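The structure appears below as structure tokens.
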Amino acid sequence: MNRQSHWENVYKTKNADQASWFKSRLSKSIEFILGTKIQKHDPIIDVGGGASTLVDDLLYEGFSDITVLDISSKSLEVAKKRLGEKASRIHWVVDDITTANLLQSHYSLWHDRAVFHFLTRPKDRKKYVKVMNESLKPQGTVIVATFSLKGPERCSGLDIVRYSPEILQTEFGESYCLMKSLEESHETPFGTKQEFVYCVFKREE
């Protein structure tokens with residue numbers, strides 16, 4: 001089963017709030033995004049946003065140029081249905097982030113919670129970073145949350161790669177400066193714990 005088929009099947013066979021990574025409000029993500037002091041009209045992309053409620057909170061906070069990208073069309077349909085009429089205010093993209101053709105030097109902020117750690121092949125991580133480099137503005141901000149070194153080794157039936165802030169820095173390269181990081185113990189909908197690390201990077205070129 002390829003990557004897209006896997007994730008379409010996940011959202012066809014379980015409700016969004018039954019996924020291990022589900023969180024009713026991504027408070028840390030919102031805190032970091034607001035802390036960047038970007039303008040409300042600045043373009044934001046939520047990579048792997050799927051059925052996440054982050055888009056709801058971004059709209060509530062007044063952000064007006066939001067793109068949500070996910071490899072699963074089913075996950076985006078969940079978010080659209082939840083938002084109702086507000087869904088028309090969002091740019092929805094069904095694509096694989098390793099091969100996506102996004103607007104060049106467009107986004108002021110790149111957010112990814114729980115996508116990068118699923119890229120177990122080095123060549124896929126390099127493709128991801130290439131897309132990020134091409135679509136992020138100079139001086140843009142990257143907020144990425146992955147499983148930490150204390151996190152699980154598998155998720156949703158797939159192997160993952162665990163990270164520290166230093167390892168993520170190496171993956172993204174010298175043009176990204178690590179501004180802050182923190183670890184979060186995420187409680188899954190079924191009562192287990194998953195250890196995440198959140199990192200905020202500033203593009204220096």
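Every read-out reported here was derived from the displayed coordinates using simple, explicitly stated rules and does not represent laboratory data. Keep in mind it's a predicted model, so treat the numbers as computed, not measured. Cβ atoms come from the backbone with ideal geometry, glycine included; neighbour counts cover every protein chain shown.
So between ASP159 and LEU103, what do we pick up on full extension, going 0.36 nm a residue minus the alpha carbon distance?
On the way: separation 56, 0.36 × 56 = 20.16 nm, distance 3.05 nm.
My answer for the length gained is 17.1 nm.
Using alpha-carbon positions, what is the distance between the centroids of the stretch 21-74 and the stretch 148-205, in Å? Here the two parts' Cα centres lie 17 Å apart.
Amide H contacts for LYS180 (H built 1.01 Å from N in the peptide plane; partners 5 or more residues away or on another chain; cut-off under 5 Å): VAL200. Listed from fewest to most Cβ neighbours within 10 Å, the set ASP46, ASP65 follows the order ASP65, ASP46.
Modelled this way, with points 7 Å down the Cα-to-C-beta line, the labels at LYS202 and HIS91 are 2.5 nm from one another. Can you say what percent of the DSSP beta bridges in the stretch 88-205, counting only those with both residues inside, are antiparallel? Round to 5. The antiparallel proportion sits near 75 percent. Over the residues of the chain, the helix contribution to mean residue ellipticity at 222 nm works out to -8500 deg cm²/dmol, using -39500 (n - 2.57) for each DSSP H run of at least 4. Derived scalar couplings between HN and Hα for the stretch 127-138 equal 5, 4, 5, 4, 4, 4, 4, 6, 9, 8, 5, x Hz in order, rounded to whole Hz, by the Karplus curve 6.51 cos²θ - 1.76 cosθ + 1.60 (θ = phi - 60°), x for Gly and Pro. Among the listed pairs LYS28/LYS202; LYS80/LYS130; LYS40/LYS137, which have their C-alpha atoms separated by more than 21 angstrom in this model? Over 21 Å apart, Cα to Cα: LYS80/LYS130.
Here TRP110, TRP92 are placed in order of increasing Cβ neighbour count within 10 Å, fewest first, which gives TRP92, TRP110. Charge tally for TYR176 (other residues, Cβ to Cβ under 11 Å; Lys, Arg +1; Asp, Glu -1): -2.
So how strong a dipole does the chain carry about its Cα centre when Lys and Arg Cβ are +1 and Asp and Glu Cβ are -1, to the nearest 20 debye?
On the way: 29 positive and 28 negative charges, 57 e Å.
About 280 debye.
Assuming charge only on the beta carbon of Lys and Arg (+1) and of Asp and Glu (-1), the dipole of the stretch 29-104 about its Cα centre is about 200 debye to the nearest 20. Along the stretch 144-152 the Karplus relation, 6.51 cos²θ - 1.76 cosθ + 1.60 evaluated at θ = phi - 60°, assigns HN-Hα couplings of 10, 10, 10, 5, 7, 5, 9, x, x Hz to successive residues, with x for each Gly and Pro. Per the Cα gyration tensor, the chain maps to an equivalent ellipsoid with semi-axes of 22, 21, 17 Å, ordered largest to smallest. Restriction of the chymotrypsin sites (Phe, Trp or Tyr not before Pro) in the stretch 112-205 to DSSP coil positions whose beta-carbon has at most 12 other beta-carbons within 10 angstrom yields PHE190.
Taking a ≥ b ≥ c as the square roots of the eigenvalues of the Cα gyration tensor, the stretch 62-140 is oblate, since a/c reaches 1.5 or more and a/b is not larger than b/c.
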